[in-house]
Amino acid sequence: MRPVPARLAVLGTALVLTGPLAIAQSGLTDSQRHAALRELVALLSLPNVATNQADIRKNAEYLRAAFERRGFASAVVATRRSPVVMAERPPDLPGPAGGGRTITFYFHYDGQPVSPADWRDSGPFEPIFRDGPVEAGGKLVTLSMGGPISRDWRIYGRSSADDKGEIVALLSALDAVMASRQRITATIRVVMEGDEEAGSPVLEEALLAHADRTRGDLVIMVDGPRHASGRPTFFFGARGILSAELTVFGAKADLHSGNYGNWAPNPALELSRLIASMKDENGRVLIKGFYDDVVPLTPEEERAIAEIPPVEQDQMRAFGFARPEVPGDRLERRHNLPTLNVEGLLSGTVGGQGRTIIPASATARFDLRLVKAIDPARQFNRLAEHVRARGYQLIEGTAPTDEERALYPRLARLVQIEGYPAGRTPFDTPLAQAVIAEVGRALNTTPVRLPTLGGSAPFYVFTDRLKAPTIGMPVANYDNNQHGPNENLRLGEFFDAIDAMRAILTMKWLSRASGLGAGAWGLRASSGGEMGG
Ligand SMILES: [Zn+2]
(Lines give C-alpha, C1' and ligand atoms only; values in the text may rest on other atoms or scores of the structure.)
Protein backbone atom coordinates (compact mmCIF):
# COMPACT_ATOMS: atom_id res chain seq x y z
CA MET A 1 0.00 0.00 0.00
CA ARG A 2 1.27 3.44 -0.85
CA PRO A 3 1.62 5.82 2.04
CA VAL A 4 -0.95 8.53 1.56
CA PRO A 5 -1.58 11.36 4.01
CA ALA A 6 -3.95 10.07 6.61
CA ARG A 7 -7.15 11.86 7.46
CA LEU A 8 -8.20 12.82 10.92
CA ALA A 9 -11.67 12.29 12.13
CA VAL A 10 -13.01 13.18 15.54
CA LEU A 11 -15.45 10.56 16.66
CA GLY A 12 -17.01 11.26 19.98
CA THR A 13 -14.27 11.45 22.54
CA ALA A 14 -11.88 9.23 20.60
CA LEU A 15 -9.46 10.73 18.16
CA VAL A 16 -9.15 8.14 15.44
CA LEU A 17 -6.56 8.27 12.72
CA THR A 18 -8.06 6.56 9.75
CA GLY A 19 -6.31 5.07 6.79
CA PRO A 20 -5.89 6.45 3.33
CA LEU A 21 -8.64 6.33 0.80
CA ALA A 22 -6.31 4.39 -1.46
CA ILE A 23 -8.87 3.53 -4.09
CA ALA A 24 -12.13 5.23 -4.89
CA GLN A 25 -14.73 3.26 -2.95
CA SER A 26 -17.82 3.97 -4.96
CA GLY A 27 -18.88 3.70 -8.51
CA LEU A 28 -19.49 0.25 -9.89
CA THR A 29 -19.11 -0.17 -13.60
CA ASP A 30 -22.26 -0.76 -15.61
CA SER A 31 -21.31 -4.37 -16.15
CA GLN A 32 -20.81 -4.82 -12.40
CA ARG A 33 -24.26 -3.36 -11.78
CA HIS A 34 -25.80 -5.71 -14.31
CA ALA A 35 -24.02 -8.66 -12.74
CA ALA A 36 -25.26 -7.64 -9.28
CA LEU A 37 -28.84 -7.42 -10.52
CA ARG A 38 -28.58 -10.81 -12.27
CA GLU A 39 -27.48 -12.38 -9.01
CA LEU A 40 -30.33 -10.61 -7.19
CA VAL A 41 -32.91 -11.86 -9.71
CA ALA A 42 -31.57 -15.41 -9.36
CA LEU A 43 -31.81 -15.38 -5.57
CA LEU A 44 -35.23 -13.70 -5.50
CA SER A 45 -36.55 -16.38 -7.87
CA LEU A 46 -36.12 -18.99 -5.14
CA PRO A 47 -39.26 -19.15 -2.98
CA ASN A 48 -38.25 -18.76 0.68
CA VAL A 49 -41.25 -19.09 2.97
CA ALA A 50 -39.91 -21.02 5.96
CA THR A 51 -42.92 -23.34 6.21
CA ASN A 52 -41.65 -25.02 3.03
CA GLN A 53 -38.38 -26.60 4.09
CA ALA A 54 -37.59 -27.98 0.62
CA ASP A 55 -37.61 -24.39 -0.70
CA ILE A 56 -35.60 -23.17 2.26
CA ARG A 57 -32.88 -25.77 1.68
CA LYS A 58 -32.49 -24.61 -1.95
CA ASN A 59 -31.89 -21.06 -0.72
CA ALA A 60 -29.38 -22.23 1.86
CA GLU A 61 -27.52 -24.33 -0.70
CA TYR A 62 -27.49 -21.41 -3.18
CA LEU A 63 -25.95 -19.12 -0.57
CA ARG A 64 -23.39 -21.67 0.56
CA ALA A 65 -22.20 -22.02 -3.04
CA ALA A 66 -22.32 -18.27 -3.71
CA PHE A 67 -19.96 -17.54 -0.81
CA GLU A 68 -17.74 -20.51 -1.63
CA ARG A 69 -17.26 -19.12 -5.14
CA ARG A 70 -15.90 -15.98 -3.51
CA GLY A 71 -13.24 -17.68 -1.45
CA PHE A 72 -15.25 -18.41 1.70
CA ALA A 73 -15.33 -21.63 3.66
CA SER A 74 -19.08 -22.04 4.03
CA ALA A 75 -21.50 -24.54 5.46
CA VAL A 76 -25.20 -25.21 5.73
CA VAL A 77 -25.56 -25.82 9.46
CA ALA A 78 -28.59 -27.88 10.48
CA THR A 79 -30.80 -26.72 13.35
CA ARG A 80 -34.12 -28.07 14.58
CA ARG A 81 -35.76 -25.69 12.10
CA SER A 82 -34.32 -23.95 9.01
CA PRO A 83 -30.57 -24.31 8.56
CA VAL A 84 -28.23 -21.41 9.29
CA VAL A 85 -25.67 -20.73 6.57
CA MET A 86 -22.27 -19.75 7.93
CA ALA A 87 -19.32 -18.54 5.89
CA GLU A 88 -15.84 -17.27 6.70
CA ARG A 89 -12.99 -15.78 4.72
CA PRO A 90 -9.56 -14.80 6.01
CA PRO A 91 -8.21 -11.31 5.31
CA ASP A 92 -5.90 -10.57 2.39
CA LEU A 93 -3.75 -8.64 4.84
CA PRO A 94 -3.24 -11.10 7.69
CA GLY A 95 -2.01 -10.21 11.14
CA PRO A 96 -1.53 -6.75 12.53
CA ALA A 97 -1.30 -5.17 9.07
CA GLY A 98 -4.97 -5.84 8.65
CA GLY A 99 -5.73 -5.01 12.23
CA GLY A 100 -6.49 -8.63 13.04
CA ARG A 101 -10.20 -7.90 13.13
CA THR A 102 -13.15 -10.15 12.59
CA ILE A 103 -16.32 -8.63 11.21
CA THR A 104 -19.50 -10.70 11.24
CA PHE A 105 -22.35 -9.83 8.91
CA TYR A 106 -25.82 -11.03 9.86
CA PHE A 107 -28.64 -11.51 7.32
CA HIS A 108 -31.73 -13.66 7.00
CA TYR A 109 -32.72 -15.49 3.84
CA ASP A 110 -36.30 -16.43 4.71
CA GLY A 111 -39.20 -14.22 3.68
CA GLN A 112 -42.68 -13.39 4.92
CA PRO A 113 -45.57 -15.53 3.65
CA VAL A 114 -47.10 -14.36 0.39
CA SER A 115 -50.56 -13.97 -1.08
CA PRO A 116 -49.72 -13.98 -4.81
CA ALA A 117 -53.10 -12.50 -5.82
CA ASP A 118 -52.18 -9.21 -4.12
CA TRP A 119 -49.03 -8.75 -6.17
CA ARG A 120 -49.21 -6.52 -9.24
CA ASP A 121 -48.13 -7.83 -12.69
CA SER A 122 -46.05 -10.75 -11.50
CA GLY A 123 -45.76 -13.19 -8.62
CA PRO A 124 -43.69 -12.68 -5.49
CA PHE A 125 -40.96 -14.98 -6.79
CA GLU A 126 -40.86 -13.62 -10.36
CA PRO A 127 -38.79 -10.47 -9.88
CA ILE A 128 -39.60 -7.51 -12.13
CA PHE A 129 -38.28 -3.96 -12.49
CA ARG A 130 -40.25 -0.70 -12.51
CA ASP A 131 -39.12 2.87 -13.11
CA GLY A 132 -40.76 4.03 -9.88
CA PRO A 133 -43.00 2.88 -7.02
CA VAL A 134 -46.02 0.88 -8.19
CA GLU A 135 -48.25 3.08 -5.99
CA ALA A 136 -47.09 6.15 -7.96
CA GLY A 137 -47.71 4.49 -11.32
CA GLY A 138 -44.20 3.12 -11.83
CA LYS A 139 -44.00 1.38 -15.21
CA LEU A 140 -42.40 -1.96 -15.97
CA VAL A 141 -38.87 -1.73 -17.40
CA THR A 142 -36.54 -4.39 -18.72
CA LEU A 143 -32.82 -4.49 -18.19
CA SER A 144 -31.12 -4.51 -21.55
CA MET A 145 -27.61 -5.96 -21.68
CA GLY A 146 -25.23 -3.20 -20.73
CA GLY A 147 -27.96 -0.57 -21.00
CA PRO A 148 -28.37 2.30 -18.57
CA ILE A 149 -29.82 1.66 -15.12
CA SER A 150 -31.46 4.39 -13.06
CA ARG A 151 -31.07 4.63 -9.29
CA ASP A 152 -34.81 5.36 -9.16
CA TRP A 153 -35.74 1.99 -10.61
CA ARG A 154 -36.97 -0.65 -8.23
CA ILE A 155 -36.88 -4.40 -8.24
CA TYR A 156 -40.11 -6.04 -7.06
CA GLY A 157 -40.13 -9.44 -5.39
CA ARG A 158 -40.46 -11.06 -1.96
CA SER A 159 -37.31 -10.46 0.12
CA SER A 160 -35.91 -7.89 -2.32
CA ALA A 161 -35.64 -5.50 0.64
CA ASP A 162 -36.05 -7.94 3.52
CA ASP A 163 -33.45 -9.41 3.42
CA LYS A 164 -32.00 -10.96 0.24
CA GLY A 165 -31.07 -7.71 -1.50
CA GLU A 166 -28.72 -7.10 1.42
CA ILE A 167 -27.02 -10.48 0.97
CA VAL A 168 -26.52 -9.88 -2.74
CA ALA A 169 -25.09 -6.46 -1.92
CA LEU A 170 -22.35 -8.18 0.09
CA LEU A 171 -21.73 -10.75 -2.67
CA SER A 172 -21.47 -7.93 -5.22
CA ALA A 173 -19.20 -5.91 -2.94
CA LEU A 174 -16.88 -8.92 -2.72
CA ASP A 175 -16.89 -9.18 -6.53
CA ALA A 176 -16.06 -5.50 -6.87
CA VAL A 177 -13.23 -5.73 -4.34
CA MET A 178 -11.70 -8.70 -6.12
CA ALA A 179 -12.14 -7.22 -9.60
CA SER A 180 -10.29 -4.08 -8.59
CA ARG A 181 -7.63 -6.02 -6.65
CA GLN A 182 -8.46 -4.25 -3.42
CA ARG A 183 -7.58 -6.14 -0.26
CA ILE A 184 -10.00 -7.43 2.28
CA THR A 185 -8.60 -6.24 5.59
CA ALA A 186 -10.50 -8.26 8.18
CA THR A 187 -11.65 -11.80 8.66
CA ILE A 188 -15.18 -11.76 7.28
CA ARG A 189 -17.82 -13.99 8.79
CA VAL A 190 -21.37 -14.27 7.52
CA VAL A 191 -24.36 -15.66 9.40
CA MET A 192 -27.61 -16.14 7.47
CA GLU A 193 -30.64 -17.48 9.30
CA GLY A 194 -33.77 -18.95 7.79
CA ASP A 195 -36.35 -18.34 10.54
CA GLU A 196 -36.18 -14.62 11.19
CA GLU A 197 -39.75 -14.00 10.09
CA ALA A 198 -40.87 -16.61 12.63
CA GLY A 199 -39.13 -14.74 15.46
CA SER A 200 -35.64 -16.30 15.24
CA PRO A 201 -36.46 -19.35 17.40
CA VAL A 202 -33.13 -21.10 16.77
CA LEU A 203 -30.77 -18.17 16.20
CA GLU A 204 -29.46 -18.03 19.75
CA GLU A 205 -28.70 -21.73 20.04
CA ALA A 206 -27.09 -21.82 16.58
CA LEU A 207 -24.91 -18.79 17.33
CA LEU A 208 -23.81 -20.09 20.71
CA ALA A 209 -23.20 -23.65 19.46
CA HIS A 210 -20.93 -22.23 16.76
CA ALA A 211 -19.58 -19.16 18.54
CA ASP A 212 -16.11 -19.84 17.11
CA ARG A 213 -17.58 -19.35 13.64
CA THR A 214 -20.00 -16.53 14.35
CA ARG A 215 -18.50 -14.17 16.92
CA GLY A 216 -16.92 -10.98 15.64
CA ASP A 217 -15.07 -7.98 17.03
CA LEU A 218 -18.04 -6.24 15.49
CA VAL A 219 -21.32 -7.74 14.28
CA ILE A 220 -23.18 -5.81 11.59
CA MET A 221 -26.86 -6.73 11.26
CA VAL A 222 -27.98 -5.83 7.78
CA ASP A 223 -31.75 -5.82 7.77
CA GLY A 224 -34.64 -3.39 7.61
CA PRO A 225 -35.17 0.07 6.11
CA ARG A 226 -33.14 3.23 6.38
CA HIS A 227 -34.35 6.18 8.45
CA ALA A 228 -37.33 7.98 6.91
CA SER A 229 -35.04 10.86 5.90
CA GLY A 230 -33.53 8.48 3.35
CA ARG A 231 -30.03 8.90 4.82
CA PRO A 232 -27.74 5.91 5.29
CA THR A 233 -28.55 4.66 8.75
CA PHE A 234 -26.94 2.83 11.65
CA PHE A 235 -28.49 1.75 14.91
CA PHE A 236 -26.81 0.67 18.12
CA GLY A 237 -29.66 -1.17 19.69
CA ALA A 238 -33.08 -2.59 19.11
CA ARG A 239 -36.01 -2.72 21.45
CA GLY A 240 -37.21 -5.85 23.12
CA ILE A 241 -40.89 -6.64 23.38
CA LEU A 242 -43.48 -8.41 25.44
CA SER A 243 -47.20 -8.71 24.86
CA ALA A 244 -49.91 -9.09 27.45
CA GLU A 245 -53.66 -9.60 27.55
CA LEU A 246 -55.76 -8.18 30.36
CA THR A 247 -59.35 -9.28 30.90
CA VAL A 248 -61.66 -7.68 33.46
CA PHE A 249 -64.63 -9.81 34.51
CA GLY A 250 -68.14 -8.74 35.49
CA ALA A 251 -71.14 -11.06 35.76
CA LYS A 252 -70.96 -14.66 34.50
CA ALA A 253 -72.95 -13.72 31.39
CA ASP A 254 -74.07 -10.55 29.59
CA LEU A 255 -76.84 -8.80 31.56
CA HIS A 256 -79.83 -6.69 30.45
CA SER A 257 -78.71 -3.05 30.67
CA GLY A 258 -82.15 -1.81 31.73
CA ASN A 259 -82.84 -4.37 34.42
CA TYR A 260 -79.30 -4.29 35.83
CA GLY A 261 -77.73 -1.01 34.69
CA ASN A 262 -76.71 1.31 37.57
CA TRP A 263 -76.38 -1.83 39.69
CA ALA A 264 -74.20 -4.57 38.15
CA PRO A 265 -70.51 -3.77 37.47
CA ASN A 266 -69.61 -2.95 33.87
CA PRO A 267 -66.26 -4.49 32.87
CA ALA A 268 -65.92 -2.27 29.78
CA LEU A 269 -66.03 0.79 31.99
CA GLU A 270 -63.80 -0.81 34.65
CA LEU A 271 -61.20 -1.76 32.06
CA SER A 272 -61.29 1.76 30.57
CA ARG A 273 -60.62 3.24 34.01
CA LEU A 274 -57.83 0.78 34.59
CA ILE A 275 -56.14 1.58 31.28
CA ALA A 276 -56.60 5.32 31.82
CA SER A 277 -54.82 4.97 35.15
CA MET A 278 -51.75 3.56 33.39
CA LYS A 279 -50.68 6.59 31.36
CA ASP A 280 -51.22 10.31 31.81
CA GLU A 281 -52.14 12.92 29.20
CA ASN A 282 -48.51 13.94 28.79
CA GLY A 283 -47.46 10.55 27.54
CA ARG A 284 -45.95 9.38 30.83
CA VAL A 285 -46.65 5.84 31.98
CA LEU A 286 -47.81 5.91 35.61
CA ILE A 287 -47.07 2.28 36.43
CA LYS A 288 -44.74 2.22 39.43
CA GLY A 289 -41.12 1.60 38.47
CA PHE A 290 -41.86 1.59 34.73
CA TYR A 291 -38.87 3.79 33.89
CA ASP A 292 -36.64 2.81 36.84
CA ASP A 293 -34.09 0.77 34.89
CA VAL A 294 -33.87 3.05 31.85
CA VAL A 295 -30.26 3.93 31.08
CA PRO A 296 -30.18 7.65 30.27
CA LEU A 297 -28.80 8.70 26.90
CA THR A 298 -25.22 9.92 26.92
CA PRO A 299 -24.43 13.42 25.63
CA GLU A 300 -23.02 11.84 22.46
CA GLU A 301 -26.22 9.87 21.92
CA GLU A 302 -28.27 13.01 22.49
CA ARG A 303 -26.08 14.80 19.97
CA ALA A 304 -26.58 12.04 17.38
CA ILE A 305 -30.33 12.35 17.76
CA ALA A 306 -30.19 16.14 17.46
CA GLU A 307 -28.29 15.69 14.16
CA ILE A 308 -30.98 13.50 12.59
CA PRO A 309 -32.97 15.34 9.91
CA PRO A 310 -36.42 15.92 11.46
CA VAL A 311 -39.16 13.90 9.83
CA GLU A 312 -41.89 14.37 12.44
CA GLN A 313 -43.87 17.11 10.65
CA ASP A 314 -43.94 15.18 7.35
CA GLN A 315 -44.89 11.99 9.12
CA MET A 316 -47.69 13.63 11.10
CA ARG A 317 -49.07 15.02 7.87
CA ALA A 318 -48.77 11.64 6.16
CA PHE A 319 -50.38 9.81 9.09
CA GLY A 320 -53.05 12.46 9.60
CA PHE A 321 -52.78 13.71 13.17
CA ALA A 322 -51.99 17.13 14.58
CA ARG A 323 -50.27 16.54 17.90
CA PRO A 324 -47.83 13.91 19.15
CA GLU A 325 -47.98 12.65 22.73
CA VAL A 326 -45.12 14.88 23.78
CA PRO A 327 -44.93 17.92 21.49
CA GLY A 328 -41.38 19.03 20.86
CA ASP A 329 -39.71 15.74 21.75
CA ARG A 330 -37.92 13.97 18.92
CA LEU A 331 -39.38 10.70 17.69
CA GLU A 332 -35.95 9.08 17.86
CA ARG A 333 -35.58 10.16 21.50
CA ARG A 334 -38.90 8.54 22.34
CA HIS A 335 -37.48 5.27 20.97
CA ASN A 336 -35.18 5.15 23.98
CA LEU A 337 -38.03 4.83 26.45
CA PRO A 338 -40.19 1.79 27.09
CA THR A 339 -43.76 1.90 25.79
CA LEU A 340 -47.13 0.77 27.02
CA ASN A 341 -49.28 0.41 23.92
CA VAL A 342 -52.90 -0.66 23.73
CA GLU A 343 -53.07 -2.84 20.62
CA GLY A 344 -56.74 -3.60 20.79
CA LEU A 345 -59.88 -3.66 22.90
CA LEU A 346 -62.73 -6.12 22.89
CA SER A 347 -66.01 -6.01 24.80
CA GLY A 348 -69.64 -6.53 23.82
CA THR A 349 -70.51 -5.64 20.25
CA VAL A 350 -70.25 -2.48 18.16
CA GLY A 351 -71.98 -1.64 14.89
CA GLY A 352 -75.12 -3.24 13.50
CA GLN A 353 -78.09 -2.65 15.77
CA GLY A 354 -76.20 -3.05 19.00
CA ARG A 355 -77.31 -5.10 21.96
CA THR A 356 -78.52 -3.44 25.15
CA ILE A 357 -76.31 -5.43 27.46
CA ILE A 358 -73.75 -5.06 30.19
CA PRO A 359 -70.89 -7.15 28.75
CA ALA A 360 -69.64 -10.03 30.88
CA SER A 361 -66.01 -9.16 30.29
CA ALA A 362 -63.68 -6.73 28.57
CA THR A 363 -60.22 -7.49 27.21
CA ALA A 364 -57.29 -5.32 26.20
CA ARG A 365 -54.18 -6.48 24.43
CA PHE A 366 -50.97 -4.56 25.16
CA ASP A 367 -47.52 -4.57 23.74
CA LEU A 368 -44.70 -3.23 25.83
CA ARG A 369 -41.55 -2.24 23.97
CA LEU A 370 -38.48 -2.59 26.11
CA VAL A 371 -35.19 -0.73 26.09
CA LYS A 372 -31.78 -1.72 27.35
CA ALA A 373 -31.64 -2.97 30.96
CA ILE A 374 -35.38 -3.49 31.31
CA ASP A 375 -36.07 -7.11 32.11
CA PRO A 376 -39.22 -8.45 30.39
CA ALA A 377 -40.40 -10.45 33.41
CA ARG A 378 -39.85 -7.52 35.76
CA GLN A 379 -41.73 -5.12 33.50
CA PHE A 380 -44.62 -7.59 33.26
CA ASN A 381 -44.70 -7.83 37.06
CA ARG A 382 -44.89 -4.05 37.32
CA LEU A 383 -47.96 -4.11 35.09
CA ALA A 384 -49.49 -6.88 37.22
CA GLU A 385 -48.70 -4.94 40.40
CA HIS A 386 -50.47 -1.89 38.99
CA VAL A 387 -53.60 -3.91 38.28
CA ARG A 388 -53.50 -5.39 41.80
CA ALA A 389 -52.96 -1.96 43.35
CA ARG A 390 -56.23 -0.86 41.74
CA GLY A 391 -58.05 -3.48 43.74
CA TYR A 392 -58.10 -6.39 41.32
CA GLN A 393 -57.58 -10.02 42.22
CA LEU A 394 -55.63 -11.67 39.38
CA ILE A 395 -56.93 -15.16 38.72
CA GLU A 396 -54.84 -18.13 37.61
CA GLY A 397 -57.37 -19.95 35.43
CA THR A 398 -58.95 -18.85 32.17
CA ALA A 399 -62.18 -17.80 33.93
CA PRO A 400 -62.99 -17.05 37.56
CA THR A 401 -64.29 -19.90 39.72
CA ASP A 402 -67.51 -19.51 41.68
CA GLU A 403 -65.47 -19.13 44.87
CA GLU A 404 -63.41 -16.34 43.33
CA ARG A 405 -66.58 -14.64 42.11
CA ALA A 406 -68.04 -14.82 45.61
CA LEU A 407 -64.89 -13.64 47.34
CA TYR A 408 -63.43 -10.76 45.28
CA PRO A 409 -65.24 -7.60 44.16
CA ARG A 410 -62.83 -7.07 41.25
CA LEU A 411 -61.49 -9.91 39.13
CA ALA A 412 -59.03 -9.79 36.25
CA ARG A 413 -56.76 -12.08 34.32
CA LEU A 414 -53.37 -10.97 33.02
CA VAL A 415 -51.40 -13.18 30.64
CA GLN A 416 -47.93 -12.61 29.23
CA ILE A 417 -47.84 -13.68 25.57
CA GLU A 418 -44.16 -13.53 24.66
CA GLY A 419 -41.10 -11.53 25.42
CA TYR A 420 -37.45 -10.92 24.83
CA PRO A 421 -35.18 -8.15 26.06
CA ALA A 422 -33.62 -5.22 24.26
CA GLY A 423 -29.96 -5.08 23.31
CA ARG A 424 -27.71 -2.07 22.92
CA THR A 425 -24.06 -1.50 22.08
CA PRO A 426 -22.31 1.46 23.73
CA PHE A 427 -22.28 4.42 21.39
CA ASP A 428 -18.57 5.06 21.88
CA THR A 429 -17.54 1.59 20.64
CA PRO A 430 -14.54 2.60 18.50
CA LEU A 431 -14.96 -0.08 15.81
CA ALA A 432 -18.60 0.85 15.33
CA GLN A 433 -17.84 4.54 15.00
CA ALA A 434 -14.97 3.77 12.61
CA VAL A 435 -17.29 1.73 10.36
CA ILE A 436 -19.88 4.51 10.35
CA ALA A 437 -17.29 7.13 9.47
CA GLU A 438 -15.95 4.91 6.67
CA VAL A 439 -19.41 4.35 5.19
CA GLY A 440 -20.14 8.06 5.50
CA ARG A 441 -17.02 8.82 3.46
CA ALA A 442 -17.83 6.16 0.86
CA LEU A 443 -21.37 7.47 0.36
CA ASN A 444 -20.33 11.08 0.84
CA THR A 445 -22.91 11.88 3.47
CA THR A 446 -23.44 11.89 7.23
CA PRO A 447 -25.25 8.73 8.29
CA VAL A 448 -28.10 8.83 10.76
CA ARG A 449 -27.03 7.24 14.07
CA LEU A 450 -29.81 5.86 16.22
CA PRO A 451 -29.06 4.75 19.79
CA THR A 452 -32.10 2.48 19.59
CA LEU A 453 -34.24 1.32 16.71
CA GLY A 454 -37.95 1.78 17.38
CA GLY A 455 -38.79 -1.76 16.36
CA SER A 456 -37.83 -4.98 18.07
CA ALA A 457 -35.16 -7.33 16.80
CA PRO A 458 -33.14 -10.16 18.37
CA PHE A 459 -30.26 -7.75 18.87
CA TYR A 460 -29.71 -8.99 22.44
CA VAL A 461 -28.71 -12.40 21.12
CA PHE A 462 -25.58 -10.81 19.69
CA THR A 463 -24.88 -8.19 22.37
CA ASP A 464 -25.83 -10.08 25.51
CA ARG A 465 -25.51 -13.77 24.65
CA LEU A 466 -22.72 -13.83 22.08
CA LYS A 467 -21.09 -10.85 23.85
CA ALA A 468 -20.22 -9.14 20.58
CA PRO A 469 -20.49 -5.39 19.98
CA THR A 470 -23.22 -5.11 17.39
CA ILE A 471 -24.63 -2.42 15.14
CA GLY A 472 -27.44 -2.45 12.64
CA MET A 473 -26.95 -1.19 9.12
CA PRO A 474 -30.38 -1.12 7.45
CA VAL A 475 -29.97 -0.32 3.78
CA ALA A 476 -33.38 -0.67 2.10
CA ASN A 477 -35.55 2.27 1.07
CA TYR A 478 -38.04 2.95 3.87
CA ASP A 479 -41.00 2.64 1.46
CA ASN A 480 -40.15 -0.94 0.52
CA ASN A 481 -43.49 -2.60 1.43
CA GLN A 482 -41.63 -4.98 3.70
CA HIS A 483 -43.84 -7.93 4.72
CA GLY A 484 -46.64 -6.83 2.34
CA PRO A 485 -47.37 -7.42 -1.32
CA ASN A 486 -45.21 -5.61 -3.90
CA GLU A 487 -42.12 -5.61 -1.71
CA ASN A 488 -39.40 -3.71 -3.52
CA LEU A 489 -35.86 -2.45 -3.30
CA ARG A 490 -34.87 0.85 -4.89
CA LEU A 491 -31.72 0.34 -6.96
CA GLY A 492 -30.09 3.51 -5.61
CA GLU A 493 -30.22 2.01 -2.13
CA PHE A 494 -29.01 -1.35 -3.47
CA PHE A 495 -25.97 0.23 -5.13
CA ASP A 496 -25.28 2.32 -2.01
CA ALA A 497 -25.34 -0.88 0.03
CA ILE A 498 -22.73 -2.42 -2.26
CA ASP A 499 -20.53 0.68 -1.91
CA ALA A 500 -21.00 0.69 1.88
CA MET A 501 -20.02 -2.96 2.20
CA ARG A 502 -17.10 -2.54 -0.14
CA ALA A 503 -15.85 0.27 2.09
CA ILE A 504 -16.18 -1.93 5.18
CA LEU A 505 -14.45 -4.89 3.54
CA THR A 506 -11.43 -2.79 2.65
CA MET A 507 -11.25 -0.30 5.51
CA LYS A 508 -8.13 0.17 7.60
CA TRP A 509 -8.78 -0.98 11.13
CA LEU A 510 -7.26 0.51 14.19
CA SER A 511 -4.57 -1.76 15.52
CA ARG A 512 -5.70 -3.95 18.39
CA ALA A 513 -2.74 -2.80 20.44
CA SER A 514 -0.19 -0.12 19.73
CA GLY A 515 3.27 -1.03 18.51
CA LEU A 516 2.30 -3.97 16.34
CA GLY A 517 3.57 -2.48 13.15
CA ALA A 518 0.25 -1.01 12.26
CA GLY A 519 2.02 2.10 11.08
CA ALA A 520 0.05 5.24 10.73
CA TRP A 521 -3.23 3.44 11.41
CA GLY A 522 -2.45 2.61 14.99
CA LEU A 523 -2.24 6.06 16.53
CA ARG A 524 -4.63 5.05 19.24
CA ALA A 525 -4.69 1.61 20.78
CA SER A 526 -8.22 0.37 20.72
CA SER A 527 -10.13 -1.89 23.01
CA GLY A 528 -12.93 -2.03 20.52
CA GLY A 529 -13.12 -5.78 20.60
CA GLU A 530 -14.66 -5.79 24.06
CA MET A 531 -18.00 -4.58 25.20
CA GLY A 532 -17.74 -1.30 27.01
CA GLY A 533 -20.25 -2.32 29.71
ZN1 LIG B 1 -35.87 -8.67 7.87
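Brief remarks on what is shown
- Charge dipole of the chain about the Cα centre (unit charges at C-beta), most positive-ward option of LEU40, ALA198, VAL326: LEU40
- Alpha-carbon radius of gyration plus Dmax, which is the widest Cα pair, for the chain in Å: 26.0, 92
- Highest to lowest packing among 194-201, 261-268, 217-224, 362-369, scored as the average C-beta count within 10 Å: 217-224, 362-369, 194-201, 261-268
- About its Cα centre, the range 31-126 has a charge dipole of approximately 240 debye under the convention of +1 per Lys or Arg Cβ and -1 per Asp or Glu Cβ, with nothing else charged.
- Rounded to the nearest 20 debye, dipole of the chain from Cβ charges on Lys, Arg, Asp, Glu: 980 debye
- With 30 Å as the limit, the listed pairs LYS58/LYS372; LYS467/LYS508; LYS164/LYS508; LYS279/LYS372; LYS252/LYS288; LYS139/LYS164 have LYS58/LYS372; LYS252/LYS288 beyond it between alpha carbons.
- Cβ-Cβ FRET estimate between VAL415 and GLU281, R0 fixed at 25 Å, reported to 0.05: 0.35
- Over the chain: helical MRE at 222 nm, DSSP H runs n ≥ 4 each giving -39500 (n - 2.57), nearest 500: -8000 deg cm²/dmol
- Rounded to the nearest 5, the antiparallel percentage of DSSP beta bridges internal to the chain is 70%.
- For the chain, the share of accessible area belonging to carbon and sulfur comes to 52 percent (1.4 Å probe, ligands and nucleic acids excluded).
- Span from the the range 219-276 Cα centroid across to the the range 138-187 one, whole angstrom: 40 Å
- Looking at the chain, the accessible area is 44 square angstrom per residue; that uses a 1.4 Å probe and ignores ligands, DNA and RNA.
- The long axis of helix 376-389 is offset from the longest Cα principal axis of the chain by roughly 20 degrees.
- Positive-end ranking of LEU383, ALA117, ALA373 along the dipole of the chain, with charges on Cβ about the Cα centre, is headed by ALA373.
- Against the main long axis of the alpha-carbon atoms of the chain, helix 164-179 sits at an angle near 10°.
- Sorting 395-407, 417-429 by average packing, meaning the other beta carbons within 10 Å per residue, from highest down gives 417-429, 395-407.
- Between ALA78 and ASN262, the simple spin-label model (points 7 angstrom out along Cα→Cβ) gives 7.2 nm.
- Averaged over residues, the count of other Cβ atoms within 10 Å places the peptides 104-112, 349-357 in the sequence 104-112, 349-357, highest first.
- Most positive-pole-ward Cα, LEU207, PRO359, ALA497, against dipole of the chain from beta carbon charges: ALA497
- Listed values for the range 332-337 are Karplus-derived 3J(HN,Hα) couplings in whole Hz (6.51 cos²θ - 1.76 cosθ + 1.60, θ = phi - 60°), namely 6, 6, 4, 5, 9, 10, and x replaces Gly and Pro.
- Largest accessible area first, the listed residues LYS467, LYS508, LYS164, LYS279 line up as LYS467, LYS279, LYS508, LYS164 when surface is computed with a 1.4 Å probe on the assembled protein chains.
- Taking amide H as placed 1.01 Å from N in the peptide plane, the amide H of VAL77 sits under 5 Å from that of VAL84, VAL85, MET86, each at least 5 places away or on another chain.
The values are calculated or read from the model by the stated rules, or taken from the named source; none is laboratory data. Computed from a predicted structure; not experimentally measured. All Cβ positions, even for glycine, are placed from backbone atoms using ideal geometry, and neighbour counts span all protein chains on display. Ligands, DNA and RNA are stripped out before the accessible areas are found, and what is left, the full protein with its side chains, is counted by its heavy atoms. Shrake-Rupley method; radii C 1.70, N 1.55, O 1.52, S 1.80 Å.
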